[in-house]
Amino acid sequence: MATDLAAVAKRLPPELRVRERADADIERVVEFQNRWATPSQWMSPAAARAMQNASPEPLRLVLLVEDTGGRVQAVGSTSNGGLFASPDGSWRVGVRTAPEWRRRGVARALLEQLAHHARTNKAMRLVAAVRGDEPEGARFAEAMGYRAFHERIDSYIDVPSFDAAGFDDPDATAERAGVRLATYAELLREHASDVEAFQRELLPAIWDMARDVPSPTPMPEQPPPFEQAKRMFFEGPGIDPPSTIIALRDGHTVGMSVTMVKENGTAYTNFTGVARAERGKGIALAMKLRALRDLSTRGVKLFGTTNDEQNAAMRGINRRLGYVPDAPTTMYEKRFS
Ligand SMILES: CC(C)(COP(=O)(O)OP(=O)(O)OC[C@H]1O[C@@H](n2cnc3c(N)ncnc32)[C@H](O)[C@@H]1OP(=O)(O)O)[C@@H](O)C(=O)NCCC(=O)NCCS
């Protein structure tokens, strides 16, 4: 059954109206979310558009609530994640109401239709993230019958004050392990005559590592088709070639730390992974040190990351580097039976 916007509208304060987000609204929605975003969550409108274009999610539903002046006052969205759709039928859901309009039933009305859309499209479970500094989100999730099941932790390192002197030289560490560290930018230059062959080898290698990263919902077994994956992972704002570091053994990728550099002076690690056979040799720490070295020459202020609470290995590395954790983000779930 189609989304019943009239049912939502009926329950909104009379000054507000609801509609589905159109393509032209992508930037306005991001600007609304950016008003409350942490440095890691913040996204430039242009980057958000590029990332959404690279990763189509045909089942995504975004509902927009506007006031009489056309200003966005609430946004709700749900999606199965498109090519990242979890094999267990988990969908993500998120709702935000501008503070002036809270406790007027806006989020409840949105969530009901979002959940209906997800169920209609065979969702088995809805998963929502509530930031540790937004206790209203936790109260709302509980009132809507969601249950806390998992924690994720955002943390940051202050790049200008980071001192690498207390650490072994990352290239020396790599050499001892028999691997070479190179930036993605360097490797693109080295493989200039056949970048695609290089990326085609990289994709399954990083996908295998990514599937080992603890996460609240399982990842698909297979990576997206190459052409799609290329746009999502190897091009665009999600990867900054000079600060994205790859570890190679005999020319083959055995580790990768993917860095994104944003216009708000923050860089963010989208992914760090080391192949199983290469763990415990200091390679991940060495890759992060190399990324930090590059970022410090580029005026980047903060370097952020997000890890599952259970990710002892990566959290241990980040602690050693001096990352400071935010209050944990709690993941809430509702299962459909
Ligand atoms: C969570 C949030 C979306 C709620 O928006 P809202 O439009 O104010 O929510 P509603 O008015 O529809 O609330 C529905 C019910 O949730 C519960 N609830 C919502 N906010 C609450 C609060 N601050 N304290 C206690 N209960 C709360 C109540 O039971 C409420 O019903 P009631 O007002 O009749 O008692 C809003 O506070 C917000 O944007 N927070 C930041 C983002 C976030 O954390 N989103 C949730 C995770 S996706």
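No value in this document is a laboratory result; all are computed from the given coordinates. Since the model is a prediction, treat every value here as computed from it, not as a measurement. Please note: Cβ atoms are built from the backbone with ideal geometry, for glycine as well, and neighbour counts cover all protein chains shown.
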(Q) Per 0.36 nm of contour for each residue apart, how much would the distance between residue 324 and residue 309 grow if the chain were fully extended, relative to their Cα-Cα spacing? (A) 4.0 nm
Q: Please state the charge dipole magnitude for region 5-123, taken about the Cα centre, from unit charges on C-beta atoms (+1 on K and R, -1 on D and E), reported in debye and rounded to the nearest 20.
A: 380 debye
Q) Can you tell which of 267, 331, 2 lies farthest toward the positive end of the dipole of the chain, using +1 and -1 charges on the Cβ of basic and acidic side chains (Lys, Arg; Asp, Glu)? A) 2
Q | Alpha-carbon centroid distance for the pair region 196-240 / region 259-316, whole angstrom | A | 17 Å
**Q.** Fraction of beta bridges assigned by DSSP in region 156-326 that are antiparallel (%, nearest 5)
**A.** 85 percent
Q.
Straight-line reach from residue 334: which aspartates and glutamates fall under 17 Å, measuring Cα to Cα and dropping same-chain residues less than 8 apart?
A. 88, 112, 142, 151
**Q.** residue 222-residue 119 pseudo-label distance in nm [points 7 Å out on the Cα-to-Cβ vector]
**A.** 3.2 nm
Q: Take the chain, connect every pair of alpha-carbon atoms lying under 10 Å apart with a spring to form a Gaussian network, then pick out the residue of 191, 150, 116 with the largest mean-square fluctuation.
A: 191
Q | Residue list for region 87-112, given a label point 7 angstrom along the Cα-to-Cβ vector of residue 15 and an amide N cut-off under 12 Å | A | 100-102
Q) Which value, in debye to the nearest 20, describes the size of the charge dipole of the chain about its Cα centre when Lys and Arg Cβ atoms bear +1, Asp and Glu Cβ atoms bear -1, and nothing else is charged? A) 1020 debye
Q) Mind checking which aspartates and glutamates have their C-alpha under 13 Å from residue 262, skipping anything on the same chain fewer than 8 residues away? A) 240
Q) Between residue 7 and residue 88, what is the FRET efficiency for a Förster distance of 45 Å, r being their Cβ-Cβ separation, to the nearest 0.05? A) 0.95
(Q) Mean-square fluctuation check for the chain, GNM, Cα pairs under 10 Å: which of 292, 126, 59 is largest? (A) 59
Q.
Please give the charge dipole size of region 156-326, origin at the Cα centre, charges +1 on K and R Cβ atoms and -1 on D and E Cβ atoms. Round to the nearest 20 debye.
A. 300 debye
